[in-house]
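All of the numbers you see were taken from the coordinates with simple rules; none came from a lab. None of the values given here were measured: they were computed from a predicted structure. Here the Cβ positions follow ideal geometry from the backbone for every residue, glycine too, while neighbour counts run over all protein chains shown.
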Amino acid sequence: MKHPQFSHKKSLGQNFLINPEVPRRSLAAGELCESDVVLEIGPGQGALTRLLLDSPCQFIHAIEIDRRLEPWLTELENSSNGRLRIVWGDVLVQDLNALEPLPNKVLANIPYNITTDLIWKLLIELAPRSLELLVLLVQKEAAERLRAQPRTRQRYPLGVTIEQMGTLKTVMKVSPGSFSPPPKVWSEVISLAIEQKRTLACAQQWRALLAASFSHRRKKLSTNLLSLGYDRADLEQLFTEIGISSQIRAEELTAAQWHELYARLFPAAQPDNQ
Ligand code: SAM
């Protein structure tokens, strides 16, 4: 079928893949087998979706906001023998828990402007029940923030949460010329294996702790935590007990220190370790 002319919308992050190596390596990182149910976000004209259909995976949900892509995606859906379902709409307002069957892997070249909100949503809604692996093409700067180490300015709540829940790896760096139209920035395919603390991202206390801790980045962590109703002397006592300097700022805490701080502040809210 001949497809109509398509004018890309920058506001929807519509940079479509033209370098076949990128979806090929993303797919390889997904290590798909017959029992896998995949969620793709933003299938666009189907560069990755076609490879997913050729893989052994059981089922693919693909959520796409732009109905102008119907000529490409409906064709794929109709020839998929019932293995592909296109969900039309904004991924950020979908109830991902209502997807049937529930996805255990997410493979996607995501719109860069929703990266942080989207990854939080995936962790909150899917990690407790089914999510095992995310393979995402993101802007290089977003990848750097997600893996930012303690004592760097890029460290932020989502990166701290990911570090607690699993292992983040770089699959490949991706040049602007791999897309049409080419974005101004470099990109990166990352993989995140969810290995433990599956309910952490949806724990209100964890998110409140991070939000308060990073609310004023230049202030001391103990000062920021006063907004949660703690007494300064009690906090300083706790910091001493767990070996954290009273002068420390949120971005300086290591993964082990976040674990310890959360366990001591909210002993009743500890996530399962599956
Ligand atoms: N997967 C295709 C590829 O790699 O060539 C397209 C990727 S493009 C970077 C991002 C896609 O996400 C576009 O198709 C865009 O329409 C879609 N999109 C943007 N915002 C979205 C949203 N909030 N919910 C669902 N899809 C969205």
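Structure notes:
- Take every DSSP beta bridge whose two residues both sit in the chain; close to 50 percent of them are antiparallel.
- Cα gyration tensor shape for the chain, rounded if a/c is under 1.5, else prolate or oblate: prolate
- Nonlocal Lys pairs with alpha-carbon distance under 25 Å, the range 10-199 (8 or more apart, or different chains): 19
- At 0.890 mPa s and 25 °C, Stokes D of the range 52-132 from Kirkwood alpha-carbon radius, µm² per second: 181
- The range 10-199, relative contact order in percent, only Cα pairs under 8 angstrom and at least six apart counted: 23
- Spread over its residues, the convex hull of the C-alpha atoms of the range 74-197 is 129 Å³ per residue.
- Aspartates and glutamates whose Cα lies under 13 Å from that of LYS219, excluding same-chain neighbours fewer than 8 positions away: GLU251, GLU252
- Taking a ≥ b ≥ c as the square roots of the eigenvalues of the Cα gyration tensor, the range 203-266 is classed as rounded, since a/c falls below 1.5.
- Rounded to the nearest 20, the size of the Cβ-charge dipole of the range 173-260 about its Cα centre is 460 debye, with Lys and Arg at +1 and Asp and Glu at -1.
- The distance from the alpha carbon centre of the range 177-233 to that of the range 73-107 is 28 Å, rounded to a whole number.
- The share of Cα pairs per 5 Å bin across the range 1-146, counted from zero up to the longest distance, runs 2, 9, 21, 24, 23, 14, 5, 1, 0 percent.
- Packing-based ranking, highest mean first, of 37-43, 198-204, 260-266 given that Cβ atoms within 10 Å are counted: 37-43, 198-204, 260-266
- Net charge over other residues, Cβ less than 13 angstrom from the Cβ of GLY177 (K, R count +1; D, E count -1): +1
- Summary of packing: across the peptides 44-50, 139-145, 182-188, the per-residue average of other C-beta atoms within 10 Å ranks them, highest first, as 44-50, 139-145, 182-188.
- Of THR167, THR254, THR152, the residue with the greatest mean-square motion in the GNM of the chain, using alpha carbon springs below 10 Å, is THR152.
- Fraction in percent of alpha-carbon pairs per bin - 5 Å, the range 1-66: 4, 15, 26, 24, 17, 10, 5, 1
- Ordered from longest to shortest, the equivalent ellipsoid semi-axes for the range 90-150 are 21, 13, 10 Å, each the square root of 5 times a Cα gyration tensor eigenvalue.
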